[in-house]
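Notes follow once the structure below has been shown.
The values are calculated or read from the model by the stated rules, or taken from the named source; none is laboratory data. This one's a predicted model, so the numbers in the text were calculated from it and none came from an experiment. Methodologically, a virtual Cβ is constructed for each residue, glycine included, from the backbone with ideal geometry; neighbour enumeration extends over all protein chains shown. Surface areas here come from the heavy atoms of the whole protein model, side chains and all, with no ligands, DNA or RNA. Shrake-Rupley method; radii C 1.70, N 1.55, O 1.52, S 1.80 Å.
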Amino acid sequence: IPCVPWQSQTSGQYQRRVHGSTLYPPDVIPCDPAYIQVTNNYLPRSTKMSESCALSFAAICQPMNEQSEMEVPVVNFGKIGVIRCRRCRAYVNAFVKWRSSGRKWQCNLCSAMNEVPDVYQSPLDGQSGRRVDLLERPELCNSSYEIIAPDEYTIRAPQSPAYMFLIHVNTKMVQSGALQWILDCILACVDGLPGEERTRIAFGTYDSKIHVYSMKQGAKMPQMLTIPDVEDPIMPAPWDDIFVVKETFKDMVNVLLEKLGEIFLETGRSSETAKAHRG
């Protein structure tokens, strides 16, 4: 995903800066960086270059970011159904390749070839190989769009959302202050998580092992449970004890977030002491 620095610019400024550049095809509206932003401005172009520089990067995804000023188009595929890759289930998008005079499309994620429904077919431009109706279909000229889910996607009534925070707690995270910063951010936003009264929340931490936190009615403190086998992890407690109702366990969640930093700060100190003694 191409990255262009986002410095609190408006969506209009961002589009003028990126739209039509070499990062995006000229007929594709770029994704607002409020929704997704890559940490690096430049990425390796080849496997050899990637292996030699060992460059680490991440993508920060915020699909419901209220800072965005761009309106995300909504697409209804109607009777033809949602068009997805038969292999990896990716949705058709602006970066797929059109083959066989528009009768097939090639997935940009897994390269699988897919048949195009008759009513969805379109002639291709002779020079670019892109569909001539591109600008008439929001899903093919926008980097991000929303889909109205058909009835077959709703097997059951929509459930209240469940959020799980997975936090890296190795020694460097503790000593750098990154762990405490993460905990402070979660504590500041947890009350504002979207959802109804039945919204559930869970926490996990990991270093060489995985830890989850059980919260039960009547308990004063969450209980840390360790999953030692990271290759074949097994949940050490009932699902309802891990994914708890946010409103019911609000006080215990706050206690957990306030104490986690202290717990792993002591763990980090113990680890450094053990290393010094071995030295």
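What is the angle, in °, between the Cα long axis of helix 178-189 and the longest principal axis of the Cα atoms in the chain? Nearest 10 is fine, range 0 to 90. Rounded to the nearest ten degrees, it is 70. Annotation: amide H of A112 within the under-5 Å range of C107, sequence separation 5 or more or interchain, hydrogens built in the peptide plane. The lysines whose alpha-carbon is closer than 21 Å to the alpha-carbon of K259, local same-chain residues fewer than 8 away aside, are K172, K209, K216, K220, K246, K250.
Computed over the chain, the per-residue total of -39500 (n - 2.57) for DSSP H runs of n ≥ 4 gives a 222 nm mean residue ellipticity of -7500 deg cm²/dmol, rounded to 500.
The amide H of S143, built 1.01 Å from its N in the peptide plane, has I29, C31 as neighbours under 5 Å, considering only residues 5 or more places off or on other chains.
F249: net charge of surrounding residues, Cβ under 15 Å, Lys/Arg +1, Asp/Glu -1, itself excluded?
Values: positive: R198, R200, K216, K220, K246, K250, K259; negative: D191, E197, D240, D241, E247, D251, E258.
My count for the surroundings of F249 gives 0.
Compare the peptides 52-58, 239-245, 65-71 by average per-residue count of other Cβ atoms within 10 angstrom and give them in order, highest first.
Working: 52-58: 9.7, 239-245: 17.3, 65-71: 12.9.
So the order, starting with the most tightly packed, is 239-245, 65-71, 52-58.
Farthest towards the positive end of the charge dipole of the chain, among the residues A157, Q180, N41, is the Cα of N41, using unit charges on the Cβ of Lys, Arg, Asp and Glu. Note on the chain: Cα-Cα pairs beyond 25 Å make up 64% of the total pair count. Phi angles of segment 81-86 translate, via the Karplus equation with coefficients 6.51, -1.76, 1.60 and θ = phi - 60°, into HN-Hα couplings of x, 5, 8, 9, 5, 5 Hz per residue; Gly and Pro are given as x.
Projecting each Cα onto the charge dipole of the chain (Lys/Arg +1, Asp/Glu -1 at the beta carbon, about the Cα centre), which of F95, T205, P233 comes out farthest on the positive side? Most positive-ward Cα: F95. Counting only protein heavy atoms and a 1.4 Å probe, tell me what percentage of the chain's accessible area is made up of carbon and sulfur. Carbon and sulfur: 51 percent of the exposed surface of the chain.
Backbone amide hydrogens, once placed in the peptide plane, bring K97 within less than 5 Å of Q106, N108, excluding anything fewer than 5 places away on its chain.
Averaged per residue, what accessible surface does the chain expose to a 1.4 Å probe, in Å²? Mind dumping the intermediate values first?
On the way: 18020 Å² over 279 residues.
Computed with neighbouring chains in place, this is 65 Å² per residue.
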